[in-house]
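For reference, the structure is listed below as structure tokens.
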Amino acid sequence: MVKNKISIHNKSDKPDNIVLKENEIIERCLEIENHLPNFMKDFFLYLKSGVALSTRLAYLEDVLFFCKYLVTESNLTEADSTKLISINEFNQITAKDINRFLGDYCSRYTMENGEYIKVIENRNRALARKKSTLSVLFKFLYRDEIIEKNITDGFNPIRLPKPQPDAIKRLEIDEVARMLDIIDNGSTFTDKEKIYWEKTKYRDKAIIILFVTYGLRVSELQQLNISSFNFNRGDFKIYRKRGKEVLMPLNKTCEKVIKEYITQQRSPDHSLDDIDKDALFLSLQNKRMTIRAIRNLVKKYTSLALGTSRDNGYSPHKLRATAATSLIQQGFSIYDVQNLLDHDNVTTTQLYAAHKKDVKREIVKNFEWLDEI
């Protein structure tokens, strides 16, 4: 069935592209809900009002995955579709059943993909997310008296490795400089690659500098519009997780590279479709760049800066870590960096502060009390 073209009647402060993206997520959520049992309707309402939109989608995908497991891989239901699973059958599920689902099935399973069989392995972090989803679901059903027992206390713990500051992947300052030089002169590219580089170098430089200056999330950068920027006031607007609208100050470097891109490389509005006229970063097809394209771009340039293969290049999130570490090394407090990067908890920011240990060593080394030393 061909979907009707969507018309946006937007009376909010959000740009149309963000409203459209949110609508796509909402439609996906509703589609999943239609495949889940009716007794979960109040749970759907709870997710709609209680968590971020992206979290709502992630929870629903996990619940649907669990219900598919019940139908196709277990003897816990007689239903032949996820929609027909009954309350009584859900009421009979025990903590042991959940532990078997997480520990035995989820850790490694297969999916048929056309003529191929895809083997999927999940690490503890993915298993912990599925466990969290089921904990929320079963606690809600118990609270709403849909099931008789709260089985979540019997869920096995899933050990997650403690983040180690020294293991955080990020670029050093000299590697960032090397990456910017590569974008400027294209010296590492073949003649064929230089044809593409000439068409995108101003755009690519603006993207990289925004990442390493502000530590933006890839979705925050992908959603940027020309109208997001107020050059007279020296700021620009981004939309963060949970729909938070934030004004970011614009420094001279970022203003310069963005204006260069807009004036020297970005296609004029008259050559664009209405939906893409306000988009800041465009592909060569004159469409708003996708998150996947931005990831590939970052991987390409970071791999060149690191002198490694394209597969071993860094993701945009590693440039977020680069920004955090560089700011702390410049002497900014972890609380200022926490605010800039939108970390929910300052302990996340403290992981990057641990990289200052070399600075501490230099301070102590040059601070001797005994003259003869």
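How charged is the neighbourhood of Thr133? Take every other residue with its Cβ under 12 Å from the Cβ of Thr133, and add Lys/Arg as +1 and Asp/Glu as -1.
Numbers: positive: Arg56, Arg129, Lys130, Lys131, Lys139; negative: Glu61, Asp62.
Combined, the nearby Lys, Arg, Asp and Glu give +3.
Suppose every Lys and Arg Cβ carries +1 and every Asp and Glu Cβ carries -1, with no other charges. What dipole size does the stretch 167-356 come out with about its Cα centre, to the nearest 20 debye? Provide the component values of the computation, followed by the final result.
Values: 31 positive and 23 negative charges, 69 e Å.
Computed charge dipole of the stretch 167-356: roughly 340 debye.
Positive end of the charge dipole of the stretch 167-356 (Lys, Arg +1 and Asp, Glu -1 on Cβ, about the Cα centre): tell me which of Ser219, Phe332, Tyr196 has its Cα farthest that way.
Ser219
Which FRET efficiency value, to the nearest 0.05, do you get for Asn232 and Val119 by plugging their Cβ-Cβ distance into 1/(1 + (r/R0)^6) with R0 = 45 Å?
0.25
Residue by residue through the stretch 259-264, which ³J(HN,Hα) values in whole Hz follow from phi under the Karplus form 6.51 cos²θ - 1.76 cosθ + 1.60 (θ = phi - 60°), with glycine and proline marked x?
The phi angles translate into 5, 4, 5, 5, 7, 9 Hz.
Quick check on the chain: helices-only [θ] at 222 nm, where DSSP H runs of length 4 and up contribute -39,500 (n - 2.57) each and the sum goes over total residues. Nearest 500, please. Show your work: numbers first, answer last.
Numbers: 15 runs with 189 residues, N = 373.
So the calculated ellipticity at 222 nm is -16000 deg cm²/dmol.
Which whole-number percent gives the relative contact order of the chain, counting Cα pairs below 8 Å spaced six or more residues apart?
Dividing the mean separation by the residue count of the chain yields 13 percent.
Mind ranking 263-276, 25-38, 214-227 by how tightly packed they are, going by the mean number of other C-beta atoms within 10 angstrom, highest first?
Values: 263-276: 12.2, 25-38: 14.6, 214-227: 20.4.
Result, highest mean Cβ count within 10 Å first: 214-227, 25-38, 263-276.
Could you order peptides 90-100, 186-196 by the average number of other Cβ atoms within 10 Å of their residues, highest first?
Numbers: 90-100: 15.5, 186-196: 11.5.
So the order, starting with the most tightly packed, is 90-100, 186-196.
What does the C-alpha gyration tensor say about the overall shape of the stretch 26-106? Classify as rounded when a/c is under 1.5, otherwise prolate if a/b is larger than b/c, or oblate.
Details: a/c = 1.90, a/b = 1.54, b/c = 1.23.
Because a/c hits 1.5 or more and a/b exceeds b/c, the stretch 26-106 counts as prolate.
Number of Lys-Lys pairs in the stretch 86-157 under 21 Å by Cα, sequence gap 8 or more or different chains?
10
What are the aspartates and glutamates whose alpha-carbon lies under 12 Å from the alpha-carbon of Lys277, with same-chain residues fewer than 8 places away excluded?
Answer for Lys277, where 12 Å is the Cα cut-off: Asp16, Asp269, listed by chain and number.
Can you classify the stretch 227-335 as rounded, prolate or oblate using the Cα gyration tensor, where a ≥ b ≥ c are the square roots of its eigenvalues, rounded means a/c under 1.5, and otherwise it's prolate if a/b beats b/c and oblate if not?
Working: a/c = 1.80, a/b = 1.17, b/c = 1.54.
Verdict is oblate for the stretch 227-335.
Between rounded, prolate and oblate, where does the stretch 167-356 land on the alpha carbon gyration tensor, with a ≥ b ≥ c its root eigenvalues, rounded for a/c under 1.5, else prolate if a/b exceeds b/c?
Numbers: a/c = 1.86, a/b = 1.19, b/c = 1.57.
Note, shape of the stretch 167-356 comes out oblate.
Provide the net charge surrounding Leu340, with neighbours chosen by a C-beta distance below 14 Å and charges set as Lys +1, Arg +1, Asp -1, Glu -1. Walk me through the numbers on the way to the answer.
Numbers: positive: Arg217, Arg240, Lys244, Arg320; negative: Glu220, Asp235, Asp336, Asp342, Asp344.
Summing Lys/Arg as +1 and Asp/Glu as -1 gives -1.
Packing-wise, with mean Cβ within 10 Å as the measure, how do 125-133, 140-148 rank, highest first? Please list the in-between numbers first.
On the way: 125-133: 16.9, 140-148: 14.7.
Taking the mean over residues of other Cβ atoms within 10 Å, the ranking is 125-133, 140-148.
Among Ile85, Ile258, Ile158, what is the fewest-to-most ranking by other Cβ atoms within 10 Å?
On the way: Ile85 21, Ile258 26, Ile158 16.
Arranged by neighbour count, lowest to highest, Ile85, Ile258, Ile158 become Ile158, Ile85, Ile258.
Viscosity 1.567 mPa s, temperature 4 °C: what is the translational diffusion coefficient of the chain from Stokes-Einstein with a Kirkwood Rh over Cα pairs, rounded to a whole number of µm²/s? The partial results should precede the final answer.
Values: Rh = 24.2 Å.
D = 53 µm²/s.
So for the pair Glu245, Asn312, with labels modelled 7 Å out along Cα→Cβ, what separation do we get in nm?
Label at Glu245, label at Asn312, 4.6 nm between them.
Where the only charges are on Cβ atoms (+1 Lys, Arg; -1 Asp, Glu), what is the dipole of the chain about its Cα centre, to the nearest 20 debye?
The calculated dipole for the chain is roughly 320 debye.
About the Cα centre of the stretch 264-329, what is the dipole size in debye to 20, counting +1 per Lys and Arg Cβ and -1 per Asp and Glu Cβ, all else neutral?
On the way: 11 positive and 6 negative charges, 76 e Å.
Roughly 360 debye for the stretch 264-329.
Every number here is computed from the coordinates shown, using simple stated rules; none is lab data. Just so you know, these numbers come straight off a predicted model, no measurement behind them. Here the Cβ is made from the backbone with ideal geometry for all residues, glycine too, and neighbour counts use every protein chain on show.
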